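The values are calculated or read from the model by the stated rules, or taken from the named source; none is laboratory data. These figures come from a predicted structure and were not determined experimentally. When we count neighbours, we look across all protein chains shown, and the Cβ atoms used for this are built from the backbone with ideal geometry, even at glycine.
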Amino acid sequence: MKIHPTATIEPSVQLADDVIVGPGCVLRGDVRIGPGCELKGMAWIEGRTTLGAGNVIFPNVVIGTQPQDWRSDPADPTEVVIGENNVFRENVTVHRGTRSGGGTTRIGSGCMLMIGSHVGHDAVVEDRVTLINLATVAGHCRVETGAWLSGYTGLHQFTTVGRHAFFAAFAGSDRDVPPYCRIEGDHPARCKGVNVVGLRRLGLDVEAIRQLRQVLEGVFPQESLENVDRSALAGFDARTDLNEHARYLVEFVKRSMEHRFGRAREAGRFAAARAGHS
Amino acid sequence: MSKISPLSDVHSSAEIAEDVQIGPFCVIGPDVRIGPGCRLANNVTLIGHVTIGRDNTFFPYVVIGAAPQDLKYRGSPTRVEIGDGNTFREYVTVHPGTEAGGELTRIGNDSLFMIGSHVAHDCLLDDKVMMGNYCQLAGHIRMETFAVISALSGVHHFVTIGKFAFVGGLTAVKRDIPPFTIFYGSPGEIRGVNEVGMSRNGMAPEQVAAIKAAYRRLFCGQGNQLQQIEQLQAEDGLDGSVAYLCNFLRASLEGKFGRYREVLRKRGDWAPGTLGHTPVAQERIE
């Protein structure tokens, strides 16, 4: 364990044996940091925050602070759980959960969070997600495995981004973004076909990609995510020859359509209200 | 007894109230005044002539009072004034005024500035405004009470954002945003009435209904908007908020490019204290 003398570490913090803590870091509260993590310097980590093994944290990163939510209380026992081998570049912020939103902000493993990107309260970021500079994941969002948010992109709260979806720079969505697609623009976001490069890297064959393109073009005939062709969706749903990815895509769009504003996670908002936490 | 970390660098002439908490690696300059109940996490930088009221919270890496980003600025001791109960999240930047712009950047009370948002030189912000992550104000902007700007939006200089106005995410704002409206998109458009914002903040339902009716006439009606404004203003017993909306729209039409505050630029009428209010009664909604 190498700890710089100017780092401030409260006794409640648990560090694995080989953690490196650079100059000016502040660690306080029930922070647990797993083996092989490196805090390069000036990081601020607080609250009930758990980091798995092998995370690298660049200067000025802030993890586990109180959410940007009017209803949040500094005393709420909410937490941040982070997996393994993620990279947090300079100025990244990750906020802990809110009591009404489930209480946990989660980040999976193998993610790259580039400069200034943000993961809001109660958000779930799955594995191998890439957030490029200033990409902003709002509260309660879910970003599924392998999704890619380019620079200056934003999400509305409660939005779900499907697996391996790709956002072009300056894109933003206030509706769920289907898996495997490529998104451009905002208000409304437009589905510009399949994330071909991402899917090739994933090892999908030409036939599978063709089927995904067919579904995306059929379901979003005008590109806008706001205009879903319901009859086309029902048609694809009835087919039995879809591969597992196309099937996942169809189920995803169906789930999003069931809730208001095309956001499946809005269901969680009403569950919280019914439980009396709102 | 103030709790000041020994690792911070606080100038001996800074005026700091007794119970202020200052975390490690903060830098506080000589001309800074901090009111009671303020909390500064680590790495907060307050330099220049900065006056801060009570109970403000500063998260890490906030920088307030560093020189304005304006080529005409010649280094005078221009000021930042901050009221009570504001929250400044990580990486927020607030710049002081410029000589040509009134020498003052003012922030009111109970506002929330989310991560990375920026308040530029000579901006005048009223109470209870909210700025989302990374949204950027240019210079000389005025935001009225309860105005909200969502994440990743940018505002052109000299714009006025009316009270209870809501700007959606990823939106460029180039002209005044009338009070009570919702504005978003690229290109941005006025898309409706901010009913949620008004009712959440305690405006009476009948007042909201009056604003909605006026909105329909002004923005969805037939004919010229100026004629609609004149017809509305001629009516007896006009709701105060509707009158405010009409005056605001007229004022915006006066300025170049739909920005009322451009008028001030032309006149060079920047004496501190005379600025910031459209020629509209500043009636507050309690």
### Query
Could we say that residue A:203 is more than 14 Å from chain B (Cβ to nearest Cβ) and surrounded by fewer than 24 Cβ atoms within 10 Å (Cβ to Cβ) here?
yes
### Task
Go through (1) within 10 Å of another protein chain (Cβ to nearest Cβ); (2) in contact with a Leu (Cβ under 9 Å, 6 or more places away or on another chain); (3) closer than 19 Å to residue A:62 by Cα one by one and return the number of the condition residue A:155 breaks.
(3)
### Task
Go over the candidates A:163, A:182, A:269, A:247 one by one and state the one that is part of a strand (DSSP E or B) and surrounded by 13 or more Cβ atoms within 10 Å (Cβ to Cβ).
A:182
### Message
Please return the ranges of strands (runs of 3 or more DSSP E) entirely within region B:25-122 where 3 or more residues are under 15 Å from the mean Cα position of the chain (by Cα) and either farther than 24 Å from residue B:159 by Cα or not basic (Lys, Arg) (or both).
### Response
B:79-82, B:104-107
### Summary
Going through region B:177-203 in order, the residues found to be assigned to a loop (DSSP other than H, G, I, E, B), at pLDDT 95 or above and within 21 Å of residue B:253 (Cβ to Cβ) are B:178, B:179, B:180
#### Entry: Enumerated strands (runs of 3 or more DSSP E) restricted to region A:1-87, each holding at least 1 residues that are away from every other protein chain (no Cβ under 13 Å)
A:48-51, A:79-82
### Message
Out of A:217, A:226, I need the residue that is part of a loop (DSSP other than H, G, I, E, B) and either surrounded by fewer than 19 Cβ atoms within 10 Å (Cβ to Cβ) or at positive phi (or both). Which one?
### Response
A:226
#### Entry: Those residues of region B:161-206 which are among the aliphatic types (A, V, I, L, M), under 17 Å from the mean Cα position of the chain (by Cα) and away from chain A (no Cβ under 14 Å), in sequence order
B:161, B:165, B:177
### Query
Does residue A:25 meet the test of being over 15 Å from residue B:42 (Cα atoms), buried (at least 20 other Cβ atoms within 10 Å of the Cβ) and of a type outside the set (A, V, I, L, M)?
no
### Query
Any chance region B:256-272 includes a residue that's among the charged types (D, E, K, R) and at pLDDT 90 or above?
yes
### Query
So, in region A:56-85, of the ones that are touching a residue at least 40 places away in the same chain (Cβ under 8 Å) and out of contact with any Lys or Arg (no Cβ under 9 Å at 6 or more places or on another chain), which residue ends up farthest from residue A:42 (Cα to Cα)?
A:69
### Message
Can you pull out every residue in region A:126-168 that is of a type in the set (Lys, Arg) and closer than 20 Å to residue A:266 by Cα?
### Response
A:142, A:163
### Query
When residue B:35 is evaluated against the numbered criteria (1) modelled with pLDDT of 95 or more; (2) touching a helix residue (DSSP H, G or I) at 6+ places or on another chain (Cβ under 9 Å), which criterion, by number, is the only one it fails?
(2)
### Message
Given the options A:165, A:147, A:138, A:189, name the one that is at pLDDT 95 or above and within 13 Å of chain B (Cβ to nearest Cβ).
### Response
A:138
### Task
All but one of (1) touching a residue at least 24 places away in the same chain (Cβ under 8 Å); (2) within 14 Å of chain A (Cβ to nearest Cβ); (3) surrounded by fewer than 16 Cβ atoms within 10 Å (Cβ to Cβ) hold for residue B:3, so report the exception by its number.
(1)
### Task
Output yes when any residue across region A:46-67 is at pLDDT below 95, under 24 Å from residue B:85 (Cα atoms) and of a type in the set (A, V, I, L, M), and no when none is.
no
### Task
Test residue A:210 against the criterion of being among the basic types (Lys, Arg), in a strand (DSSP E or B) and without any contact (Cβ under 8 Å) to a residue 24 or more places away in the chain, and give yes or no.
no
